[in-house]
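Worksheet for the structure shown next.
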Amino acid sequence: MKRGNQIISATITSFFLSFLSYTTSYSAREEGPAIHIEQTEHTFPTIFEGEELAHTFTLYNRGTADLHIRRVTHS
Amino acid sequence: MARYVRVIPPGGRGEITLTIDSNTVRGEFEKKAVVWSDDRSGMSVELHLRGQVKPHVSFDPGGFISLWGAKGEAVRGRVEIINEHETPLKVIGVDNDLPDRVTWRLEEVRPGFVYGLEVEDISEKAGDYTAHLTIRTDNPKKPRLTLTVRGEIKEK
């Protein structure tokens, strides 16, 4: 009888821990778009006036919904 | 100026191209752009561009000469014209828009690379004036440079 109680107790504890783990991982998984840019800085080689200065940055969406770029401001 | 994709799907990638007009910057520069999106954290992302823009030809110490003195005195100023390229530069000519006030003399300091331009007041009357000397060169990207001459000539 005592061994039976131990088995039941262990089963309940295991089930509770599994449930806790599931709910924790579920709540940590955020929804929505997530912007990621690996390289945010660029240094041009020295140039003469009038020559072109242009650089392309690559960005990624590591989220779960469309990422909308609202605007890009510069100064 | 910035060109960029408006929408990036989950797991996708996009590009932002930033362009700077190099005619509007001189020397070392740093520009910043900020990307505003509907990212779930609500954070904006800063992008930084750095570099250096050299002029084709420059004046040393600058493109301005001040001639200040009394009529009849030898009032002079001098600048150097510096070729920033590794290939020689030829000065084809100098145009003066106020020949009754100033005269000029050009000399080669380091042929093809450094010229000295001396400007002298020759006013026959007192008064203030602004003259412009236009230096014409054989560099197709910089065929003209303008030196401003400000004169303040008093009676003796």
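The values are calculated or read from the model by the stated rules, or taken from the named source; none is laboratory data. Quick caveat: nothing in here was measured; it's all calculated off a predicted structure. Reconstructed Cβ throughout: ideal geometry from the backbone, glycine too, with neighbour counts over all protein chains shown.
Descriptive notes on the structure:
- Odd one out for residue B:5, checked against (1) exposed (fewer than 12 other Cβ atoms within 10 Å of the Cβ); (2) facing chain A (nearest Cβ under 7 Å): (1)
- One residue from B:28, B:86 being more than 7 Å from every other protein chain (Cβ to nearest Cβ), out of contact with any strand residue (DSSP E or B) (no Cβ under 9 Å at 6 or more places or on another chain), within 23 Å of residue B:145 (Cβ to Cβ) and exposed (fewer than 15 other Cβ atoms within 10 Å of the Cβ): B:86
- The set of residues from the stretch A:32-51 being surrounded by fewer than 17 Cβ atoms within 10 Å (Cβ to Cβ), at the interface with chain B (Cβ under 7 Å from one of its Cβ atoms) and over 20 Å from residue B:36 (Cβ atoms) comprises A:43, A:46, A:47, A:48, A:50, A:51.
- From the options B:22, B:44, residue that is more than 7 Å from every other protein chain (Cβ to nearest Cβ), closer than 30 Å to residue A:55 by Cα and either in contact with a Cys (Cβ under 9 Å, 6 or more places away or on another chain) or modelled with pLDDT under 95 (or both): B:44
- Filtered by the rule that a residue be closer than 17 Å to residue B:64 by Cα and over 21 Å from the mean Cα position of the chain (by Cα), the stretch B:100-128 gives B:101, B:102, B:103, B:105, B:120, B:121, B:128.
- Taking the stretch B:9-31 as the range and being of a type in the set (Ser, Thr, Tyr) and out of contact with any Asp or Glu (no Cβ under 6 Å at 6 or more places or on another chain) as the test, the residues that pass are B:17, B:19, B:24.
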